[in-house]
Amino acid sequence: MALILSGKEAANVFKKEISIKVDRRLKDKKKRPHLAAILVGNNPASSVYVNGKVKDCAEVGFLSTLIRLEEDVTEIELLKNIERLNSDTEIHGFIVQLPLPKQINEKRILLAIDPMKDVDGFHPENFGRMALGLPTYIPATPYGILLLLEYFGIDASGKRAVVLGRSNIVGSPMSILLSSNSKFGNATVTLAHSRTHDLELLTKSADILIVAIGKPLFINQSHVKEGAVVVDVGINRVDGKLKGDVDIDSIFNIASAISPVPGGVGLMTRVGLLMNTLLAADDRE
Ligand code: NDP
């Protein structure tokens, strides 16, 4: 029977630690950390994510500002909003919630964010710093996963890890971090994707399997080694319900630990963002 890697449990503990640090900042006459988010359009999933982030800020004692822009906003107008946040000394960090409507060039937007305020860690400068092991904002989802593993005492060092999915925001940074020479890393990592051959053979060799492909219940008993730790990043809406990329029921008696969906990585991603915002505030004072 697998241990459930509860993001809810871990997130509550990390959020308490963050709120203690906020109290300490206030005692030291420092400002409350302040996170801003730009939400473009009415994508229901994006609205849910951003509202969750705003709620988290209130819970840990951060200030938050939500800027909502219409679905048909021009790229120039969005860039103006980014410029305003870049130069606003009251804002420590901000995010532009993805995905963006098709008239907007996502890469241009991410490049416009001041790397010092890029608490999502998506700017190339921050990604490069992460890859080189320099201090930076680690992308929130991989950061949250590392914190989840740490919370449940799972050490990646010397393990064989397989990361499924190579997106710039999850799979690729996850593979870099797990293979890095750091307290969270030192695993031997393979990064797999849609062109990978013999996927089952590969995933079955994993001590730690991180799945971020966006295919509901794709991973099952034929992919998982006895005793493996399985982290399910996927968020898929099936018949109005949230499903992960992993068929948790089919591997429950095979894996040693599994993160659930919902209640797993999603909540930890939000913790990663809070951690980065706190760091942004600390860096500025
Ligand atoms: P993308 O949707 O950008 O990319 C998916 C990746 O999976 C690609 O690298 C793709 O390969 C690979 N892939 C797709 N199908 C297969 C397959 N059959 N076998 C092997 N690899 C495959 O990934 P994201 O990282 O943005 O999102 C992945 C999932 O994670 C989604 O469900 C998303 O909603 C969720 N997510 C959850 C977050 C959270 O906080 N819990 C945060 C971010 C995302 P290729 O590159 O070859 O096309």
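The values are calculated or read from the model by the stated rules, or taken from the named source; none is laboratory data. These numbers were taken from a predicted model, which means no experiment stands behind them. Ideal geometry is used to build each Cβ from the backbone, glycine not excepted, and the neighbour counts take in all protein chains shown. We work out accessible area using only protein heavy atoms, side chains counted, and drop any ligands, DNA or RNA first. Shrake-Rupley method; radii C 1.70, N 1.55, O 1.52, S 1.80 Å.
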*Under a 10 Å cutoff between Cα atoms, tell me which one of 54, 233, 163 has the largest fluctuation in the Gaussian network model of the chain.*
54
*Would you kindly state how much longer the chain becomes between residue 9 and residue 256 on full extension, computed as 0.36 nm times their sequence separation minus their alpha carbon distance, in nm to one decimal?*
87.1 nm
*Counting only C-alpha contacts under 8 Å and six or more residues apart, can you give the relative contact order of the chain as a whole percent?*
22
*Determine, from the Cβ-Cβ distance of residue 65 and residue 152 and an R0 of 41 Å, the FRET efficiency 1/(1 + (r/R0)^6), rounded to the nearest 0.05.*
0.75
*Using alpha-carbon pairs under 8 Å, 6+ residues apart, how would you state the relative contact order of the range 122-265 in percent?*
19
*Please report, to two decimal places, log10 I(q)/I(0) for the chain at q = 0.08, 0.11, 0.15 Å⁻¹ as given by the Debye formula with identical point scatterers on the Cα atoms and no solvent.*
-0.33, -0.64, -1.16
*Evaluate the distance, in nm, between pseudo-label points positioned 7 Å from the Cα of residue 249 and of residue 87 along their respective Cα→Cβ axes.*
5.7
*Could you check the simple spin-label distance between residue 108 and residue 181, using points 7 Å along Cα→Cβ, in nm with one decimal?*
4.1
*Let me know the charge dipole size of the range 30-114 about its Cα centre in debye, to the nearest 20, where only the beta-carbon of Lys, Arg (+1) and Asp, Glu (-1) is charged.*
280
*Roughly to the nearest percent, how much of the accessible area of the range 140-265 is carbon and sulfur, given a 1.4 Å probe?*
49
*May I ask you to give the percent of accessible area on the range 30-114 that is carbon plus sulfur, with a probe radius of 1.4 Å?*
56
*asked:* Suppose every Lys and Arg Cβ carries +1 and every Asp and Glu Cβ carries -1, with no other charges. What dipole size does the range 140-265 come out with about its Cα centre, to the nearest 20 debye?
replied: 280
*Please give the length that would be gained between residue 45 and residue 1 if that part of the chain were fully extended, namely 0.36 nm times their separation in residues minus their C-alpha to C-alpha distance (nm, one decimal).*
12.6 nm
_Surface accessible to a 1.4 Å probe, per residue, for the residues of the chain, Å²_ = 48
*Calculate, for residue 23 and residue 220, the FRET efficiency according to 1/(1 + (r/R0)^6) with r their C-beta to C-beta distance and R0 51 Å; round to the nearest 0.05.*
0.65
*Unit charges at the beta carbon, dipole of the chain: most positive-side option, 149, 99, 22*: 22
